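Beneath this line is the structure, given in structure tokens, with notes to follow.
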Amino acid sequence: MAMTTLAEAVRDTLAQEMRRDESIVVMGHAVGTMGGVFHATEGLLQEFGEDRVIDMPLDEGGVVGAAVGMALYGLRPVAEIQLADFVYPGLDQIISEAAKLRYRSGGQYRCPLVVRIPYGGGVGGGPYQSQSPEAFFTHTPGLVVVAPSTAADAAGLLRTALRGEDPVVLMEPKALYGVAAAAAETADAVADDQFALPFGVAARLRRGDDVTLVAYGAMVHPAQQAAEQAAAHGVEVDVLDLRTLMPFDIGALLESVAKTGRAVLVQEAPRSCGYAAELAAVLAEKAIFHLQAPVLRVTGFDTPFSHAAEHTYVPDSDRVLGAIRAVAEF
Amino acid sequence: MSEIQSMLSGDVAEVDRESLALDDAGLARMYEAMSTTRAVDKRSARLHVEGEIGFYVASCGLEAVSVGAGFTLETPDWLFPSHRDLGMYLLRGGSMRAWFDQLFGNVADLTKGRQLPGHASLPAGRFVSVSGRVGAQISQAAGCAMAIKSRRDKACVLTSFGEAASSAADFHAAMNIAARFRVPAVFVCRSARRDIGAGIGGAAPVATRAKAYGVSAARVDGSDVLAVYRAVSEARSTATEGGGPTLIEAVLDEAALFGAGAPAAGDPPSADLDPLARLREYLEQCGIWDAAREDELGARLADRIDEAVAAARAEAKPPAHSLFDDVYGELPWMLQEQRERLVSGEGD
């Protein structure tokens, strides 16, 4: 059976789309000769040449700024940031330029680019190779933010991004890059050069009537494990993988909580003012009469990421299970 | 550092017309473009001072740069402008009416009242939406030039900015990228004439810093439109012929440069530093211009500007619900919801 990793899914989808649309270019530090720090662009330089697979100087502001200029000219740049922790010099061009060009020009310009950002812990990266900065992007009007949890979802969301008109931040869980999905449907999805997932549609990974569990990206996997463990305790969990963080699937969230009356939200990022806080606020506004327990968050801590304490920091299935049991028993 | 190139010395015999691809009619058009730019700018600044529009950054005294550089461009060229490039906006086909509509942020404004006065956007003229973030356009211009080069298109990119932006990270990123990929780009920087190390820029002149990155550079007299035109023309030819990027540093009198930014600006610099006066003197010496033409132009501009301002002032403001348009290609659920609550008066 074919095995496809998340990194391979990104690479194969880029290659398929670059064959279809010659305006797509891949750019970033070491994306060409080195094939990307996580090998997600391996082989593209050989197939598409240096006009379309561009090794850029190591400066994220310059990479994104140049990508914005290319997008305005009519190309579809895919800018790779080596690690999410390094995106901050590029935030200015993402937030002030890419996200606002359509708006500030009254719709006269558009800026269809994709910024690929390997994020999260799990590889022993310490404070500068482990961060989860999605809230900077989800708090910026004009950006679509997606976070796949599987190789197939990465392929489907990337394809939709490459065929859309909005700037898209693709949060790639680096802990999952090398994870091979053995499922045949994954290989089929990645091999299918038309497989696309619409933005704003969550995946229901497990059905249950007792607790709603919401996760995205790398956290989907401890969430699923915790849901299985909860079932052994007699608690049936409805597991939602958001896939798109902005704009997220409000319908799926509210439908689930209307049924369960209980919600646990999981994110790897620091707790305060993180993405899960928005979900909690929406539940407070729109689902208060369904709620039978406090909405709980399972998150990273309000500290920088620590090398030695990585496994303490990143939420695991035990912490998620603890929150599930707390709301179930409330 | 290299000398500051000039052409308009006051002595008609010293002007090397052979080095310019401009006939008499072209020179007259150039002067008219500069006069139009100044008249529109002065009126724009007055609208701000009188409280009719929001904050406006004037560009009086900088016409030699915006018109001299803008005059060199061909149709397929792209412009990544700053907010003092009114001259380029008009040369690229922007109308007075559209300009004043933007200043008033009215319902006819193509940018829908989203930006401060003077932050124009003109896709038909390949004049990119002006950012409120100083310097952001410089690295974008380098990327656009990369795209032009990779597509083998016969065009160049011109970006303009003030000296302050040369300290921004975008400038350094752009110089590095432009030199690395030898892109067809022309960078035009407006700098103040002063002792080295004394100003708001870096310790070395901008042109020196550009050269250190491997970008060709020249310094020109920024109130001498013919010198700007000649230098930018050469840079454009070099760019489109595969010779790589050039930075043109237009050196201006400090008072003219920074005074122009004051919202109340409107008084032109002294005659020896006034780009309009300098070109007019030359044109009069050549018999291309005279007092009668000057009066006729002044009257015509005043009428056209009055008409455009009156029309723009009479337009309504955009409807409140247009606030939600153009954030995304399609309105997502949260914006639909916010829009409905605003329109219905339902509240938060």
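What pairs come up if the first residue lies in the stretch A:160-173 and is more than 14 Å from A:Ile81 (Cβ to Cβ) and among the hydroxyl-bearing types (Ser, Thr, Tyr), the second is modelled with pLDDT of 95 or more and not in a helix (DSSP H, G or I), and their beta carbons are under 7 Å apart, counting only those six or more places apart or on different chains?
These pairs meet every condition: A:Thr160/A:Ala196; A:Thr160/A:Leu197; A:Thr160/A:Pro198; A:Thr160/A:Phe199.
Just name the residue that is nearest to the other protein chains (Cβ to nearest Cβ) out of those in the stretch A:88-103 that are surrounded by fewer than 24 Cβ atoms within 10 Å (Cβ to Cβ) and not small (Gly, Ala, Ser).
Among them, the one singled out is A:Tyr103.
Based on this model, can you work out whether A:Gly122 counts as within 16 Å of the chain's Cα centre (by Cα), surrounded by fewer than 19 Cβ atoms within 10 Å (Cβ to Cβ) and touching a residue at least 60 places away in the same chain (Cβ under 8 Å)?
Yes: the conditions hold for A:Gly122.
Looking at the stretch B:290-337, which of its residues are surrounded by 14 or more Cβ atoms within 10 Å (Cβ to Cβ) and not in a helix (DSSP H, G or I)?
Listed by number, the residues that qualify are B:Glu315, B:Pro318, B:Asp325, B:Asp326, B:Val327, B:Tyr328, B:Gly329, B:Leu331, B:Pro332.
Could you tell me whether A:Leu253 is touching a residue at least 24 places away in the same chain (Cβ under 8 Å), under 19 Å from B:Trp333 (Cβ atoms), touching a helix residue (DSSP H, G or I) at 6+ places or on another chain (Cβ under 9 Å) and not in a helix (DSSP H, G or I)?
No; evaluated as a whole, the condition is false for this residue.
Could you please give the count of residues in the stretch A:206-264 that are under 21 Å from the mean Cα position of the chain (by Cα) and of a type in the set (D, E, K, R)?
Residues in the stretch A:206-264 being under 21 Å from the mean Cα position of the chain (by Cα) and of a type in the set (D, E, K, R): 5 in total.
Determine which member of the set A:Arg243, A:Arg207 is touching an Asp or Glu at 6+ places or on another chain (Cβ under 8 Å), outside the structural domain of A:Ser132 (by TED's automatic domain parsing) and within 15 Å of A:Ser149 (Cα to Cα).
Answer to the check: A:Arg243.
From the list A:Arg116, A:Arg102, exactly one residue is within 25 Å of A:Ala7 (Cα to Cα) and either among the charged types (D, E, K, R) or at pLDDT below 95 (or both). Which is it?
A:Arg116
For a quick check of your reading of the model, give me the residue pairs whose first member lies in the stretch A:136-151 and is farther than 14 Å from A:Gly200 by Cβ, whose second is of a type in the set (A, V, I, L, M, F, W, C) and assigned to a loop (DSSP other than H, G, I, E, B), with beta-carbon atoms closer than 6 Å and at least 6 apart or on different chains.
Every condition considered, the pairs that remain are A:Phe137/A:Leu143; A:Thr140/A:Ala99; A:Pro141/B:Val327; A:Gly142/A:Ala99; A:Gly142/B:Val327.
The conditions are (1) under 22 Å from A:His290 (Cβ atoms); (2) part of a helix (DSSP H, G or I); (3) of a type outside the set (Phe, Trp, Tyr); (4) touching a residue at least 40 places away in the same chain (Cβ under 8 Å), and A:Gly208 fails exactly one of them. Which is it?
(2)
Could you list all residues from the stretch B:134-151 that are within 9 Å of chain A (Cβ to nearest Cβ) and assigned to a loop (DSSP other than H, G, I, E, B)?
Matches in the stretch B:134-151: B:Arg151 only.
Taking the stretch A:28-70, which residues are surrounded by fewer than 24 Cβ atoms within 10 Å (Cβ to Cβ) and of a type in the set (S, T, N, Q)?
Once the filter is applied, which keeps residues that are surrounded by fewer than 24 Cβ atoms within 10 Å (Cβ to Cβ) and of a type in the set (S, T, N, Q), the stretch A:28-70 yields A:Thr33, A:Gln46.
Could you list, in sequence order, all residues of the stretch A:117-137 that are of a type in the set (S, T, N, Q) and touching a Lys or Arg at 6+ places or on another chain (Cβ under 9 Å)?
A:Gln129, A:Ser130
Restricting the stretch B:152-181 to residues that are away from every other protein chain (no Cβ under 13 Å) and surrounded by fewer than 22 Cβ atoms within 10 Å (Cβ to Cβ), which is modelled with the highest pLDDT?
B:Lys154
Mind telling me which of the residues A:Val123, A:Val87, A:Val25 ends up being modelled with pLDDT under 95 and assigned by TED's automatic domain parsing to the domain that holds A:Asp166?
After applying the criteria, what remains is A:Val123.
If the Cβ limit is 7 Å and pairs must be 6+ apart or interchain, which residue in the stretch B:293-305 that is in contact (Cβ under 8 Å) with a residue 24 or more places away in the chain pairs with which residue that is acidic (Asp, Glu)?
Correct list of pairs: B:Leu297/B:Glu32.
Please verify whether A:Thr160 is within 14 Å of chain B (Cβ to nearest Cβ) and either among the hydroxyl-bearing types (Ser, Thr, Tyr) or touching a Cys at 6+ places or on another chain (Cβ under 8 Å) (or both), treating the condition exactly as stated.
Taking the combined requirement at face value, the residue satisfies it.
List pairs: first residue in the stretch B:217-235 and in the same structural domain as B:Cys189 (by TED's automatic domain parsing), second residue hydroxyl-bearing (Ser, Thr, Tyr) anywhere in the structure, Cβ distance under 6 angstrom, at least six positions apart or on different chains.
Pairs that qualify, where the first residue is in the same structural domain as B:Cys189 (by TED's automatic domain parsing) and the partner is hydroxyl-bearing (Ser, Thr, Tyr), are B:Arg219/B:Ser2; B:Asp221/B:Ser6; B:Asp224/B:Ser6; B:Ala227/B:Ser6; B:Arg230/B:Ser19; B:Val232/B:Thr72; B:Ser233/B:Thr72; B:Ala235/B:Thr246.
Could we say that A:Ile117 is crowded, with 24+ Cβ neighbours inside 10 Å, farther than 25 Å from A:Glu8 by Cα and among the aliphatic types (A, V, I, L, M) here?
So A:Ile117 does not fit the description; no.
The values are calculated or read from the model by the stated rules, or taken from the named source; none is laboratory data. Nothing here was measured: the structure is a model prediction, and the numbers come from that model. FYI the Cβ positions are ideal-geometry reconstructions off the backbone, even for glycines, and counts take in every protein chain you see.
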